[in-house]
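So the structure is just underneath, and the comments pick up after that.
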Amino acid sequence: MKSRGILRVAINAPLSRLFDYLAPEGAIARPGTRVRVPFGRQSQIGTVLENADKSELPSSRLRSASAIIDREPLLMEDDLWLIRFTADYYHHPIGEVVAAALPAPLRQGKPLENPVRKVTLTTAGAEADLAKLGKRAKRQAELLTIIRDGENLNYGELDAAMPGWRRVRKSLAEKGFIEEYEAADDAVAFENLASVGQQKGPPLNTDQKNALKIIRSGNGFRANVLDGVTGSGKTEVYLHLIQDEIDAGRQVLVLVPEIGLTPQLVDRFQRRLGFAPALLHSGLSDSARLASWRNARNGSAQLIVGTRSSIFVPLKNAGLIIVDEEHDSSLKQQEGLRYSSRDLAVARAKRLHIPVVLGSATPSLDTLQRCREGSYENIQMPVRAGKAVPPLMRLVDVTKHDAFDGISEPVIAAIEKNIVGKGQVLVYLNRRGFAPTLICSGCGKVAECSRCDSRMTVHAGSGLLKCHHCGAQRNVDSECPECGSSCLPLGHGTERLEDTLQSRFPGEVITRIDSDSTRLKGTMSKALAMATSGDARILVGTQMLSKGHHFPNLTLVVVVNADQGLFSTDFRGGERLAQSLVQVSGRAGREERQGEVIIQTAFPQHPFWNELFRGGYQSVADSALREREAAVWPPFSRLALLRASAARREDAHNFLDKARRTAENAGIEGVRILGPVSAPMERKAGRFRAQLLLQSRQRQSLHQLLAILRATLEAAREARKVRWSIDVDPIELF
């Protein structure tokens with residue numbers, strides 16, 4: 001008797017292993033196929049990653065898979081390679097990686113194709129005399145007309161067109177006029193893909209032509225860094241490259257930091273290419289995301305635009321991957337599976353033998369160093385497209401000028417001048433809310449979060465104090481609970497700036513764009529439309545306004561508090577400050593009028609300003625790379641951060657002490673171990689956090705040690721009392 005095959009299954013569980021099951025009697029499940037399996041006392045959906053003839057466990061202990069869900073594999077060989085690579089590189093349980101790669105309905109065991117009932121005409125129905133039928137059966141004639149005009153309508157469409165139609169359909173079926181059948185539901189997938197007609201783009205300048213020539217000259221894999229100043233026309237280069245691939249019948253994947261912040265990019269793609277791209281982001285319904293995923297997999301979607309998780313979407317005929325704003329921290333997942341979609345894009349392109357384009361006006365230092373080493377091709381676009389010129393930049397010393405609720409008099413005067421000149425103003429502050437602190441005027445007590453080591457932020461519009469770390473909220477205290485004195489907001493957020501500007505410029509339309517004001521569906525698009533049209537003369541916002549937007553009328557950018565990044569404890573603080581300032585400054589003067597940028601600071605003599613103003617972002621990057629090389633910080637070394645949190649402080653530290661002893665006894669040379677120490681904000685959401693930092697010049701040594709740590713810690717007794725994670729190439733050391 002032939003033995004049953006063994007399925008090696010990935011299950012969404014925090015264990016770095018596959019689980020062996022017997023295949024159902026007489027069934028075959030190839031790698032990439034979903035199966036339902038017993039797991040503990042529950043039933044789970046797993047994905048077959050391997051087939052085997054034998055298991056380390058005796059056959060008597062193996063349980064059988066309950067059912068095979070897919071007739072054909074959902075994931076192909078290249079998709080499975082990416083999953084394995086991600087699990088290995090980021091030292092994360094492979095079942096959780098598979099779960100991250102699949103849309104929610106597929107994780108739940110739902111079918112890839114959602115069958116729907118459709119109604120179509122028979123030959124007799126097409127030839128039926130509607131006038132004659134209508135005389136004796138008016139409703140039947142009405143339904144037959146709808147079906148005749150609509151062609152293969154589904155039940156939902158018929159419900160909307162003729163309520164109560166289901167009572168009539170039986171009579172038409174008995175007459176042989178209609179018949180029903182099941183089909184895949186592609187309505188969601190293509191509801192936004194109607195042709196809109198292609199618009200012709202502007203003529204290319206020399207830099208754009210050169211960039212296209214370089215990228216097109218390569219065959220197979222090559223990592224190209226499109227290093228262009230804001231307004232240099234990088235998107236135009238993307239469009240030409242995308243059109244190349246579409247004309248060749250290949251697919252393009254475009255990764256953006258946050259899809260909700262870049263509607264202009266999607267709209268531009270649609271107008272220029274003649275169709276809307278398939279979208280993949282968290283703002284879509286599960287069914288819409290599944291439809292886009294399905295169409296990318298079967299090749300009918302030639303352009304896919306999505307946020308970081310779309311790096312895992314299957315592509316039937318991949319031709320190009322583009323990562324826009326490659327420096328943006330939003331491309332790195334900060335919870336659970338902590339992957340960088342930018343780095344995975346490079347790895348995936350290499351596997352698929354296709355080019356990848358990384359675009360940014362402020363490339364990350366990691367990317368710039370790879371260009372210097374020759375791993376990436378650096379393509380510079382130093383000049384703004386068209387007639388636009390770089391904005392003028394200047395500092396305002398807030399220690400020498402009176403300020404009105406955070407805005408100095410020189411800034412007020414500049415805003416007034418630009419408004420009189422029919423310009424538009426953007427006031428930038430990367431801090432939402434009304435004020436970051438509520439303080440007692442008597443005893444000085446500050447309103448703090450009871451669950452975090454942080455202060456509560458005042459939100460005047462809702463009358464609430466909110467913690468931006470754990471989400472806790474309560475009513476604003478009018479009197480101090482300790483001494484009874486009045487409580488006052490201290491500092492400034494975007495909400496307070498909006499009120500201040502409204503009082504100084506009462507006749508102007510002011511639009512605030514931050515995560516609070518754009519929480520409701522449709523509010524972001526409406527606000528951006530007001531900004532783009534120029535109807536809103538003053539814009540107030542956070543980093544949501546600093547990337548990917550084109551405001552034709554914007555002539556002045558004001559950075560209210562630039563000093564937050566000057567004294568950061570993170571070694572990447574200077575890099576990030578320069579990136580945010582250059583990005584937000586790039587919104588000004590993108591048409592024919594030259595823009596102006598005013599930066600308020602209390603430290604005008606800080607050397608950072610001289611570096612930025614003298615040589616721009618490139619000068620700051622060069623200086624930072626020299627410092628990093630001397631200190632052997634990334635990109636001149638590799639980091640991994642082992643994080644732990646627990647209800648009790650000692651449990652987190654005991655776990656990391658165990659991790660340190662394991663690392664020290666592993667015998668791996670060349671890895672520096674720092675800690676464990678408490679996180680800078682030790683308590684968050686009621687849990688105490690600590691971390692252990694590993695640093696090495698050799699990537700291989702670091703990963704060898706991480707593999708040992710993962711295997712040991714998963715089985716450690718101390719792990720039962722903590723939540724822990726490994727973060728490879730961390731971008732936040734907190």
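The values are calculated or read from the model by the stated rules, or taken from the named source; none is laboratory data. As the structure is a computational prediction, the values presented were derived from the model and not from experiment. Note that each Cβ is placed from the backbone with ideal geometry, even for glycine, and that neighbours are counted across all protein chains shown.
Can you pull out the residues in the stretch 26-70 that are touching a residue at least 60 places away in the same chain (Cβ under 8 Å) and basic (Lys, Arg)?
Arg34, Arg36
Within the stretch 55-94, count every residue that is modelled with pLDDT under 95 and outside any loop (DSSP other than H, G, I, E, B).
Selection size over the stretch 55-94: 6.
How many residues does the stretch 112-150 contain that are outside any strand (DSSP E or B), touching a residue at least 40 places away in the same chain (Cβ under 8 Å) and either in contact with a Pro (Cβ under 9 Å, 6 or more places away or on another chain) or buried (at least 16 other Cβ atoms within 10 Å of the Cβ) (or both)? Steps first, please.
Initially, the stretch 112-150 is screened for residues outside any strand (DSSP E or B), giving 112-114, 122-150.
Restricting the remaining residues to those that are touching a residue at least 40 places away in the same chain (Cβ under 8 Å) gives 112-114, 122, 124-125, 128.
Retained after the next criterion (residues that are either in contact with a Pro (Cβ under 9 Å, 6 or more places away or on another chain) or buried (at least 16 other Cβ atoms within 10 Å of the Cβ) (or both)): 112, 114, 125, 128.
Result for the stretch 112-150: 4.
Which of the residues belonging to the stretch 424-480 are polar (S, T, N, Q), assigned to a loop (DSSP other than H, G, I, E, B) and more than 30 Å from Val597 (Cα to Cα)? If you could, list the steps in order and put the result at the bottom.
Taking the stretch 424-480 as the starting set, the residues that turn out to be polar (S, T, N, Q) are 424, 430, 437, 441, 450, 454, 457, 462, 473, 475, 478.
Subsequent filtering for residues that are assigned to a loop (DSSP other than H, G, I, E, B) retains 430, 441, 450, 454, 462, 478.
Ser441, Ser450, Ser454, Ser462, Ser478 - these are the residues of the stretch 424-480 that are polar (S, T, N, Q), assigned to a loop (DSSP other than H, G, I, E, B) and more than 30 Å from Val597 (Cα to Cα).
Quick one: would you say Leu577 is of a type outside the set (Ser, Thr, Tyr), part of a helix (DSSP H, G or I) and surrounded by 18 or more Cβ atoms within 10 Å (Cβ to Cβ)?
Numbers: of a type outside the set (Ser, Thr, Tyr): yes; part of a helix (DSSP H, G or I): yes; surrounded by 18 or more Cβ atoms within 10 Å (Cβ to Cβ): yes.
Yes.
Yes/no matrix, rows are residues, columns are (1) at pLDDT 85 or above; (2) within 32 Å of the chain's Cα centre (by Cα); (3) surrounded by fewer than 15 Cβ atoms within 10 Å (Cβ to Cβ):
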residue: Arg474; (1), (2), (3): yes, yes, yes
residue: Pro489; (1), (2), (3): no, no, no
residue: His492; (1), (2), (3): no, yes, no
residue: Asp499; (1), (2), (3): yes, yes, no
residue: Pro506; (1), (2), (3): yes, no, yes
residue: Asp514; (1), (2), (3): no, yes, no
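Count, please, the residues in the stretch 220-249 that happen to be among the β-branched types (Val, Ile, Thr) and in a loop (DSSP other than H, G, I, E, B).
Counting residues in the stretch 220-249 that are among the β-branched types (Val, Ile, Thr) and in a loop (DSSP other than H, G, I, E, B) gives 2.
Determine, yes or no, whether Gly299 is farther than 30 Å from Ser725 by Cβ and surrounded by fewer than 19 Cβ atoms within 10 Å (Cβ to Cβ).
Details: farther than 30 Å from Ser725 by Cβ: yes; surrounded by fewer than 19 Cβ atoms within 10 Å (Cβ to Cβ): yes.
So Gly299 fits the description; yes.
Within the stretch 238-274, can you find the residues that are of a type in the set (A, V, I, L, M) and in contact with an Asp or Glu (Cβ under 9 Å, 6 or more places away or on another chain)? Full working, then the answer.
In the first step, residues of the stretch 238-274 are kept if they are of a type in the set (A, V, I, L, M); the result is 239, 241-242, 246, 248, 252-256, 259, 261, 265-266, 273.
Val252, Val254, Leu255, Val256, Leu265, listed by residue number.
On the basis of being on the phi > 0 side of the Ramachandran plot and either in contact with a strand residue (DSSP E or B) (Cβ under 7 Å, 6 or more places away or on another chain) or in contact (Cβ under 8 Å) with a residue 24 or more places away in the chain (or both), does Glu377 make the cut?
Working: on the phi > 0 side of the Ramachandran plot: no; either in contact with a strand residue (DSSP E or B) (Cβ under 7 Å, 6 or more places away or on another chain) or in contact (Cβ under 8 Å) with a residue 24 or more places away in the chain (or both): yes.
Answer is no for this residue.
So is Glu326 farther than 12 Å from Ala223 by Cβ and either within 19 Å of the chain's Cα centre (by Cα) or modelled with pLDDT of 95 or more (or both) or not?
Here the answer is no, as Glu326 does not meet what is asked.
Looking for something on the phi < 0 side of the Ramachandran plot, assigned to a loop (DSSP other than H, G, I, E, B) and not basic (Lys, Arg) - is there at least one such residue anywhere in the stretch 345-360?
Yes, the conditions are met somewhere in the stretch 345-360.
Give me the residue from the stretch 25-54 that is assigned to a strand (DSSP E or B) and among the polar types (S, T, N, Q) and, out of that set, surrounded by the fewest Cβ atoms within 10 Å (Cβ to Cβ).
Taking the stretch 25-54 first, the residues assigned to a strand (DSSP E or B) are 34-39, 42-52.
Now drop any that are not among the polar types (S, T, N, Q), which leaves 42-44, 47, 51.
Numbers: Gln42: 7, Ser43: 12, Gln44: 18, Thr47: 31, Asn51: 15.
Per the criteria, the residue is Gln42.
Identify the residue in the stretch 382-425 that is within 20 Å of Asp563 (Cα to Cα) and among the polar types (S, T, N, Q) and, among all such residues, is surrounded by the most Cβ atoms within 10 Å (Cβ to Cβ).
Of everything passing the filter in the stretch 382-425, Ser408 is surrounded by the most Cβ atoms within 10 Å (Cβ to Cβ).
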